[in-house]
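Working notes, structure below.
What follows is calculated from the coordinates using simple rules that are stated; it is not laboratory data. Keep in mind it's a predicted model, so treat the numbers as computed, not measured. Glycine also receives a Cβ, built like all others from the backbone with ideal geometry; neighbour counts cover every protein chain displayed.
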Amino acid sequence: MRPMLIAALCLLPVMALAENPMCAPTGEIVALAVEARKSGEEAPAAITAITAEMTGDMALYAPAVQPLVDWVYSLDEAQLAEDVAGSYVTQCEAQ
């Protein structure tokens with residue numbers, strides 16, 4: 001019984017990280033911002049367009065659009081070739 005309790009307590013932080021509800025939705029916002037920037041869209045237009053897409057459950061994340069778009073537009077052009085959204089989600093889930 002005791003080893004099972006120890007194993008459960010060790011795995012609890014890992015399970016909590018996998019269930020962070022904000023990482024995937026905000027990762028989607030990052031992905032949309034990266035695509036907007038790659039397509040040549042200016043940041044203000046990207047903020048407006050992405051915010052307009054925040055409906056239903058995603059509406060909760062509308063306040064995150066501007067800071068995430070600003071962050072994406074601050075990245076070096078070379079970084080856009082990488083999986084920015086995937087890296088963002090990985091880092092988000094690690095916190």
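For a quick protection proxy, order the peptides 58-64, 32-38 by their average other-Cβ count within 10 Å, most packed first.
The densest-packed peptide leads the list: 32-38, 58-64.
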- Can you give me the Cα centroid spacing of segment 63-95 and segment 18-45 in angstrom? 7 Å
- Sorted peptide list for 70-78, 20-28, criterion being average Cβ within 10 angstrom, highest first: 20-28, 70-78
